[in-house]
Amino acid sequence: MKYIYYPGCSLKSTGKLYEESLLAVFDALGIEYEELKDWNCCGATAYMAVDEKKAFVLAARNIALAEQQFKDEEEVNIVAPCSACYMILLKTQKFLEDNPEDMAVIKAALKESGLDYKAKAKIRHPIDVFINDIGEQEIAKRITKPLKGIRVASYYGCQTVRPYSTFDDQRNPVTMDKLFKAAGAEVVDWTMKTRCCGASLTGTIQEVALPLSYIILHEAKKRRADVVTTACSLCQFNLECYQTNIDKKFKTDTKIDVIYFTQLLGLALGLEPKKLGINRLFAKPENLFRIMEGGKPVYV
Amino acid sequence: MDKKSVFAESFALDNAAKDIVEIRRRIKYESELDKSFRDKIAKSAHGEKLYGCIQCGTCSAACPVSHYMDYTPRKIIQMVREGFKEEVLTSSTVWLCASCYACTVECPKGIKITDVMYALKRESILGNYYPKKSPASILANNFFNQVLNNGRNSEGPLLVKMYLKTNPFMLFKNMALGFKLWIRGRISLKTERIKDKKALKKLLQSVEDKSIYKAEVNSPALKEASAV
């Protein structure tokens with residue numbers, strides 16, 4: 001099966017390493033994909049805050065574009081790696097399904113610009129694709145550098161499982177943990193999996209956002225995690241890039257590697273760190289590399 | 001003791017107690033409340049279950065930022081239902097909500113509280129109640145216009161614009177972070193655009209009509225919802 005890849009804005013900028021690692025893992029697992037042509041922003045949280053209908057039309061355009069691009073395929077599976085994009089596309093689909101009147105308005109508007117919204121596409125998260133389409137066993141077979149001795153704290157963030165849970169539990173998701181178990185890692189059982197990282201508040205109201213990220217990092221360290229893996233560009237950005245600010249504010253040491261789950265998976269699949277965008281991280285994940293080479297962690 | 005002095009005595013508070021018991025909020029008259037407000041909010045996307053709130057407080061407990069809000073989500077829901085329009089729309093609550101959906105998932109009555117917050121954000125902008133110097137609302141507005149004109153969001157220019165409008169000092173403060181991102185190719189000041197941006201703008205403007213908000217207050221659907 002071929003997937004249609006909807007990157008969204010952040011995977012082209014702050015989350016560039018997410019895109020690089022995701023596509024490298026796709027190639028390594030033999031997953032076929034095509035990027036959505038002339039995609040637009042999903043609207044994120046901002047559009048819904050300003051104009052509801054425009055927010056829905058914005059997301060619906062992407063779905064309609066995907067349906068058009070894959071009109072000859074049997075199924076239209078849109079892979080949306082950014083949690084916000086993923087959730088907004090799902091939300092739009094569900095809202096329009098439940099509200100025929102709004103569906104009519106938005107369909108008509110899209111028709112005006114030559115698009116046909118069929119509401120047939122499936123919105124998929126990459127974790128969902130890896131677990132349900134490829135399968136843990138298949139992934140386990142392809143692991144060349146097992147993550148032996150590495151304690152992974154999987155961090156799913158909010159919008160991957162909330163408010164819709166299409167492939168995992170909403171309160172204690174486990175799919176990412178399954179992936180890393182298949183890759184030979186030890187997974188950390190913790191309660192912060194879906195705790196809010198502060199999202200865009202780090203840019204706007206830092207006094208509120210930094211404590212949120214702090215709680216997550218602090219808890220990961222307390223549970224003796226070696227690495228925190230994320231599936232959202234804003235989560236990764238907040239948890240990694242603000243570590244020095246957090247340490248200054250709370251007078252602690254939260255230093256821990258925070259990388260995309262696709263980067264860790266890629267390393268386990270034996271891919272080159274550079275191909276996985278490891279060089280774009282603020283600090284080289286030293287702990288991770290040391291343990292992978294059989295050494296002891298530098299910072300605990 | 002006559003009636004009057006009992007009353008006076010029980011309310012003769014010493015200064016320490018006064019601090020605790022004193023009613024600080026302005027008292028509102030029924031006539032000042034805006035009852036159509038709740039129906040407007042209830043009519044927006046996913047707002048219909050607003051009437052079913054049992055004030056259990058699960059939303060406030062689930063909210064990771066409720067302790068920073070001037071009114072917790074539970075209070076906001078009740079204030080919306082009572083018609084405290086101005087208080088709600090000028091509150092910090094609306095702009096502190098980071099859309100994590102914890103309340104929505106936990107609400108035992110199935111109220112989509114995050115979506116209610118979105119409706120309040122929109123009303124706050126439409127009615128010009130939003131805090132003019134608050135970066136959260138400015139960010140939402142700038143983001144909106146950027147995507148309207150270009151089809152995509154460019155993080156660099158978006159943040160620079162926001163800081164210039166709200167607090168230029170923050171721009172200076174975040175310079176080091178910006179530089180770190182820039183040398184790693186993770187941010188730029190270039191504006192991203194889609195090819196068909198004119199068509200997109202036309203498409204967005206074609207749904208200018210805000211009929212979702214302009215609800216008929218006495219629609220049968222609303223009456224049904226309020227009976228739940």
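The values are calculated or read from the model by the stated rules, or taken from the named source; none is laboratory data. Keep in mind the model is a prediction, meaning the values are calculated, not measured. All Cβ positions, glycine included, derive from the backbone under ideal geometry; neighbour counts span all protein chains shown. These accessible areas exclude ligands, DNA and RNA; they are computed on the full protein's heavy atoms, side chains included. Shrake-Rupley method; radii C 1.70, N 1.55, O 1.52, S 1.80 Å.
The residues of segment A:262-282 that are in contact (Cβ under 8 Å) with a residue 60 or more places away in the chain and among the polar types (S, T, N, Q), listed by number, are A:T262, A:Q263. Would you be able to say whether some residue in segment A:113-127 is closer than 21 Å to A:L22 by Cα and open to solvent by 20 Å² or more (accessible area, probe 1.4 Å)? Taking every residue of segment A:113-127 in turn, at least one turns out to be closer than 21 Å to A:L22 by Cα and open to solvent by 20 Å² or more (accessible area, probe 1.4 Å). Residue pairs whose Cβ atoms lie under 7 Å apart, separated by 6 or more positions or on different chains, with the first residue in segment A:149-164 and under 15 Å from A:I216 (Cβ atoms) and within 11 Å of another protein chain (Cβ to nearest Cβ) and the second open to solvent by less than 10 Å² (accessible area, probe 1.4 Å) and assigned to a strand (DSSP E or B), are A:G157/A:T230. Within segment A:27-49, the set of residues being free of Cβ contacts under 8 Å to residues at least 24 places away in the same chain and open to solvent by 20 Å² or more (accessible area, probe 1.4 Å) comprises A:D27, A:G30.
Here is a yes/no grid of residues against (1) more than 18 Å from B:P108 (Cα to Cα); (2) more than 14 Å from the chain's Cα centre (by Cα); (3) within 14 Å of another protein chain (Cβ to nearest Cβ); (4) in a helix (DSSP H, G or I):
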| residue | (1), (2), (3), (4) |
| --- | --- |
| B:K28 | yes, yes, no, no |
| B:Y51 | no, yes, no, yes |
| B:C56 | no, yes, no, no |
| B:C59 | no, yes, yes, yes |
| B:Y71 | yes, no, no, no |
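When A:C196 is tested against (1) within 23 Å of A:S21 (Cβ to Cβ); (2) not in a helix (DSSP H, G or I), just one condition goes unmet, and that condition is (1). Just one residue in the set B:L33, B:L89, B:L96 is under 30 Å from A:R171 (Cα atoms), of a type outside the set (F, W, Y) and modelled with pLDDT of 90 or more; that residue is B:L96. Checking the structure you have, find out if any residue of segment B:111-123 is at the interface with chain A (Cβ under 10 Å from one of its Cβ atoms), closer than 18 Å to B:I76 by Cα, in a loop (DSSP other than H, G, I, E, B) and in contact (Cβ under 8 Å) with a residue 12 or more places away in the chain. Yes - at least one qualifying residue is present in segment B:111-123.
The residues listed here are B:P168, B:P108, B:P131, B:P157; of these, the one that is more than 16 Å from A:Y47 (Cβ to Cβ), surrounded by fewer than 21 Cβ atoms within 10 Å (Cβ to Cβ) and at pLDDT 95 or above is B:P108. Contact map, segment A:129-145: first residue over 14 Å from A:D27 (Cα atoms), second residue basic (K, R) and open to solvent by 30 Å² or more (accessible area, probe 1.4 Å), Cβ cut-off under 7 Å, separation 6 or more or different chains; pairs are A:I131/A:K178; A:E136/A:K178. Kindly check whether there is at least one residue in segment B:112-125 that is more than 14 Å from the chain's Cα centre (by Cα) and modelled with pLDDT of 90 or more. Taking every residue of segment B:112-125 in turn, none turns out to be more than 14 Å from the chain's Cα centre (by Cα) and modelled with pLDDT of 90 or more. Of the helices (runs of 4 or more DSSP H) that lie entirely inside segment A:1-69, those containing 2 or more residues that are more than 8 Å from chain B (Cβ to nearest Cβ) and either farther than 30 Å from B:W182 by Cβ or among the polar types (S, T, N, Q) (or both) span A:52-69. Scanning segment A:136-176 for residues that are open to solvent by less than 10 Å² (accessible area, probe 1.4 Å), more than 20 Å from B:C100 (Cα to Cα) and assigned to a loop (DSSP other than H, G, I, E, B) gives A:L147, A:I150. The residue list A:T244, A:T229, A:T252 contains one member that is among the hydroxyl-bearing types (S, T, Y) and crowded, with 21+ Cβ neighbours inside 10 Å, which is A:T229.
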